[in-house]
1. Check each of the trypsin sites (Lys or Arg not before Pro) in segment 11-62 and keep only those in coil by DSSP with at most 16 other C-beta atoms within 10 angstrom; list them in order.
2. Return the loop-located GluC sites (Glu not before Pro) in segment 1-45 (DSSP other than H, G, I, E, B) with at most 15 other Cβ atoms within 10 Å of their own Cβ; answer none if there are none.
3. Express the relative contact order of segment 5-62 as a whole percentage, based on alpha carbon pairs under 8 Å and six or more residues apart in sequence.
4. If segment 5-62 were replaced by its equivalent ellipsoid, with semi-axes equal to the square roots of 5 times the Cα gyration tensor eigenvalues, what would those be, largest first, whole Å?
5. Find how much the distance from Gln15 to Glu58 grows on full extension, using 0.36 nm per residue of separation minus their present alpha carbon separation; answer in nm with one decimal.
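Since every read-out is calculated from the coordinates, none of them should be taken as a lab result. Everything numeric in this text was worked out from a predicted model, so none of it was measured. A quick note on method: Cβ atoms are made from the backbone with ideal geometry, for glycine too, and the neighbour counts reach across all protein chains shown.
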Amino acid sequence: MSEFKTYRVRYREWQALAINLSARSAGEACELARLIRSELGHQRFQEIDGAIEGFEAEEIDARDLVEEGGAS
């Protein structure tokens, strides 16, 4: 059985956007973010600063999200 981890996925269209997701890998997190963007649009994403090309995923500690007030 695969363990789910939390990833911060970022992408850029005309602005840089990010979302926190649980997935088994960074690649799976990026695919899930693409699906969310195509099905629900970018309103579920948080606007961020930064220049990003394509989709990027970075593993984050979910315990940090609890301290900051939750996941996106």
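1. Working: sites: Arg12, Arg24, Arg34, Arg37, Arg44; in loops: Arg24.
Sites meeting the loop and neighbour criteria: Arg24.
2. On the way: sites: Glu3, Glu13, Glu28, Glu31, Glu39; in loops: Glu3, Glu13.
Of the GluC sites (Glu not before Pro), the ones in loops of segment 1-45 whose Cβ has at most 15 other Cβ atoms within 10 Å are Glu3, Glu13.
3. Working: 99 pairs, mean separation 29.4, N = 58.
Averaging sequence separation for qualifying contacts and normalising by length gives 51 percent for segment 5-62.
4. Working: eigenvalues 55, 32, 19 Å².
Semi-axes from the Cα gyration tensor: 17, 13, 10 Å.
5. Numbers: separation 43, 0.36 × 43 = 15.48 nm, distance 1.88 nm.
That works out to 13.6 nm of additional length.
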